1. Within segment 230-251, work out how many residues are part of a helix (DSSP H, G or I), surrounded by 13 or more Cβ atoms within 10 Å (Cβ to Cβ) and either at pLDDT below 90 or within 31 Å of the chain's Cα centre (by Cα) (or both).
2. From the set of residues in segment 88-110 that are within 15 Å of the chain's Cα centre (by Cα) and surrounded by fewer than 18 Cβ atoms within 10 Å (Cβ to Cβ), which is farthest from residue 24 (Cα to Cα)?
3. Give segment 151-181 a look and list any residue that's part of a loop (DSSP other than H, G, I, E, B) and touching a strand residue (DSSP E or B) at 6+ places or on another chain (Cβ under 6 Å), or say none.
4. When you check residue 141 against the structure, is it without any contact (Cβ under 8 Å) to a residue 60 or more places away in the chain and either under 30 Å from residue 114 (Cβ atoms) or under 17 Å from the mean Cα position of the chain (by Cα) (or both), yes or no?
5. Is it true that some residue in segment 63-86 is more than 22 Å from residue 1 (Cβ to Cβ), surrounded by fewer than 18 Cβ atoms within 10 Å (Cβ to Cβ), more than 25 Å from the chain's Cα centre (by Cα) and not assigned by TED's automatic domain parsing to the domain that holds residue 163?
6. For segment 144-154, how many residues meet the condition of being surrounded by fewer than 19 Cβ atoms within 10 Å (Cβ to Cβ) and in contact (Cβ under 8 Å) with a residue 24 or more places away in the chain?
7. Residues being more than 26 Å from the chain's Cα centre (by Cα) and surrounded by 14 or more Cβ atoms within 10 Å (Cβ to Cβ): count how many of those fall in segment 254-271.
8. Would you confirm whether or not segment 186-199 contains a residue that is assigned by TED's automatic domain parsing to the domain that holds residue 122 and over 22 Å from residue 117 (Cβ atoms)?
């Protein structure tokens with residue numbers, strides 16, 4: 001910790017308490033206040049690590065009011081740590097308003113690295129990771145959800161979503177309806193005893209979810225693979241050059257060279273190169 005009052009962004013475990021870093025524990029013990037999304041939920045974590053720092057709530061319904069108060073405390077010399085219920089704060093959780101206000105007022109902000117469900121799931125999914133987009137939660141209403149999924153029809157990179165257990169079946173059904181047999185991976189109970197990854201088509205995942213009611217419990221990360229690119233969609237000369245270059249340089253660099261030469265999309269060439277290797 002620094003001597004200057006600072007807002008610390010502190011990730012907390014998404015399941016396995018052993019993922020809590022020593023630095024995170026030290027920060028939480030050393031600050032004057034811990035701002036938590038749900039203080040009752042966070043109390044169990046803090047008690048486990050013998051952290052007695054005072055807490056206050058900061059959630060979507062009180063963030064404006066709390067932000068003003070916390071900025072005053074920070075300017076008065078009291079450091080503050082921001083935590084969420086699980087994982088890295090601000091990733092589909094409150095905190096943006098507070099961080100922005102601190103930056104505007106010259107209050108130091110320091111973020112610790114740590115657990116994030118989206119990155120954890122993606123890294124073990126087997127889907128392309130050279131480029132991806134995190135979309136947060138899909139819309140709740142069916143029509144809006146399907147409209148959002150329609151934007152993925154031609155998307156050439158992986159898309160990552162969070163989903164609640166009560167909506168997971170409806171969401172996977174919508175993926176099947178809009179995107180057909182697109183490859184998807186669903187992860188649940190990350191870092192816990194019953195961590196599970198289910199991959200295949202949307203129908204494969206639906207079959208898993210509906211085979212046992214317990215399969216629909218837990219917090220989910222839904223990952224949708226890129227639209228497939230057929231070699232037939234790319235000029236033969238371009239594919240030939242790509243394959244030749246791949247003998248001498250990595251695929252990513254080869255795709256960039258060919259894309260520049262032929263005026264094609266680098267991601268499409270990269271995907272086509274992956275498929276030709278497979």
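The values are calculated or read from the model by the stated rules, or taken from the named source; none is laboratory data. As the structure is a computational prediction, the values presented were derived from the model and not from experiment. Backbone-built Cβ (ideal geometry, glycine too); neighbour counts: all protein chains shown.
1. Taking segment 230-251 and keeping what is part of a helix (DSSP H, G or I), we get 231-233, 236-245, 251.
Now restrict to residues that are surrounded by 13 or more Cβ atoms within 10 Å (Cβ to Cβ): 231, 238-239, 241-243, 245, 251.
Of the ones still in play, those that are also either at pLDDT below 90 or within 31 Å of the chain's Cα centre (by Cα) (or both) are 231, 238-239, 251.
Counting residues in segment 230-251 that are part of a helix (DSSP H, G or I), surrounded by 13 or more Cβ atoms within 10 Å (Cβ to Cβ) and either at pLDDT below 90 or within 31 Å of the chain's Cα centre (by Cα) (or both) gives 4.
2. My answer is 92.
3. Across segment 151-181, the qualifying residues are 152, 157.
4. Values: without any contact (Cβ under 8 Å) to a residue 60 or more places away in the chain: yes; either under 30 Å from residue 114 (Cβ atoms) or under 17 Å from the mean Cα position of the chain (by Cα) (or both): no.
It is false that residue 141 is without any contact (Cβ under 8 Å) to a residue 60 or more places away in the chain and either under 30 Å from residue 114 (Cβ atoms) or under 17 Å from the mean Cα position of the chain (by Cα) (or both).
5. Within segment 63-86, one or more residues are more than 22 Å from residue 1 (Cβ to Cβ), surrounded by fewer than 18 Cβ atoms within 10 Å (Cβ to Cβ), more than 25 Å from the chain's Cα centre (by Cα) and not assigned by TED's automatic domain parsing to the domain that holds residue 163.
6. 4
7. Filtering segment 254-271 down to residues more than 26 Å from the chain's Cα centre (by Cα) leaves 254-264.
Still in the running and surrounded by 14 or more Cβ atoms within 10 Å (Cβ to Cβ): 254-259, 262, 264.
Adding up the residues that qualify gives 8.
8. Restricting attention to segment 186-199, the residues satisfying the condition of being assigned by TED's automatic domain parsing to the domain that holds residue 122 are 186-199.
Subset that is over 22 Å from residue 117 (Cβ atoms): none.
No - not one qualifying residue is present in segment 186-199.
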